[in-house]
Amino acid sequence: MDTGVSVVGSGQVSGTPDILRVTFGVEQVAPDVAAAVATVGERTDAVIAALRAQGVQESQLGTSSVNVFQEYREPGTDPAYRASHTVLVETKDLTGFGALLNAAVDAVGNSLALHGLQFDIEDKTELLVQARELAFQQAKTKAAHLAGLAGFSLGSVTAISENNAHTPLGPEARLSTSKAYDSAINIVPDDQNVVVSLQVHFAWA
């Protein structure tokens with residue numbers, strides 16, 4: 001039987017975001033699938049062209065999802081089909097959101113949907129190192145406390161496992177004005193948190 005104590009420690013650090021991800025969507029409802037898909041395709045191309053005209057590179061654009069399905073309608077009514085295409089834009093220009101939104105709206109009008117925007121940190125290496133150190137110190141403090149309560153002395157570490165390090169989903173980017181589709185619209189970056197959880201086993205001394 002193993003002797004000693006196993007504890008879990010967690011560490012969290014925050015950093016300044018340097019990436020903005022924006023998800024635009026285009027939807028269309030039509031009496032048949034072909035018409036819905038064709039219209040969405042044309043309007044998606046228009047949105048992408050508008051974003052490219054704002055300086056967004058091909059490598060910064062990507063399809064997030066494509067959906068086609070029949071909508072539920074009351075019995076006796078004509079069928080309808082909904083097609084949608086969502087496009088993810090990743091940019092390091094944290095101040096250019098208003099221009100991108102305006103360009104997309106100008107391209108397709110009311111067919112556009114803004115599904116979300118989120119900040120992120122491209123390189124979390126140093127933040128992960130700091131979070132691990134905090135997690136280990138917390139685990140060691142817990143283990144020492146438990147050892148004292150049990151009348152033992154804490155020995156060496158015999159095992160460590162790291163649970164998935166992650167960046168918890170925080171609030172989405174906050175708008176600094178409530179005027180929708182205004183080229184002067186700005187977003188306020190929030191610090192991003194990085195969390196590491198460690199399970200550490202200490203032997204008794």
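A few points about this structure:
- The set of residues in segment 8-22 that are crowded, with 19+ Cβ neighbours inside 10 Å and aliphatic (A, V, I, L, M) comprises 13, 20, 22.
- Residue 84, sole failed condition from (1) modelled with pLDDT under 95; (2) of a type outside the set (A, V, I, L, M); (3) farther than 30 Å from residue 200 by Cβ: (1)
- Those residues of segment 51-67 which are in contact with a strand residue (DSSP E or B) (Cβ under 8 Å, 6 or more places away or on another chain), over 13 Å from residue 21 (Cα atoms) and surrounded by 15 or more Cβ atoms within 10 Å (Cβ to Cβ), in sequence order: 51
Condition check ((1) exposed (fewer than 13 other Cβ atoms within 10 Å of the Cβ); (2) in the same structural domain as residue 200 (by TED's automatic domain parsing); (3) touching a residue at least 40 places away in the same chain (Cβ under 8 Å)) across all residues:
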residue	(1), (2), (3)
31	yes, no, yes
37	no, no, yes
44	no, no, yes
49	yes, no, yes
70	yes, no, no
85	no, no, yes
90	no, no, yes
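- Across segment 72-83, the number of residues qualifying as of a type outside the set (A, V, I, L, M, F, W, C) and surrounded by 14 or more Cβ atoms within 10 Å (Cβ to Cβ) comes to 2.
- The set of residues from segment 1-40 being more than 30 Å from residue 102 (Cβ to Cβ) and of a type in the set (S, T, N, Q) comprises 3, 6, 10, 12, 14.
- Elements of type strands (runs of 3 or more DSSP E) in segment 56-125, at least 2 residues being more than 19 Å from the chain's Cα centre (by Cα): 61-70, 81-91
- For segment 98-106, the criterion of being surrounded by 13 or more Cβ atoms within 10 Å (Cβ to Cβ), more than 30 Å from residue 191 (Cα to Cα) and either acidic (Asp, Glu) or touching a residue at least 60 places away in the same chain (Cβ under 8 Å) (or both) is met by at least one residue.
The values are calculated or read from the model by the stated rules, or taken from the named source; none is laboratory data. Just so you know, these numbers come straight off a predicted model, no measurement behind them. Virtual Cβ from ideal backbone geometry, glycine too; neighbours counted across all protein chains shown.
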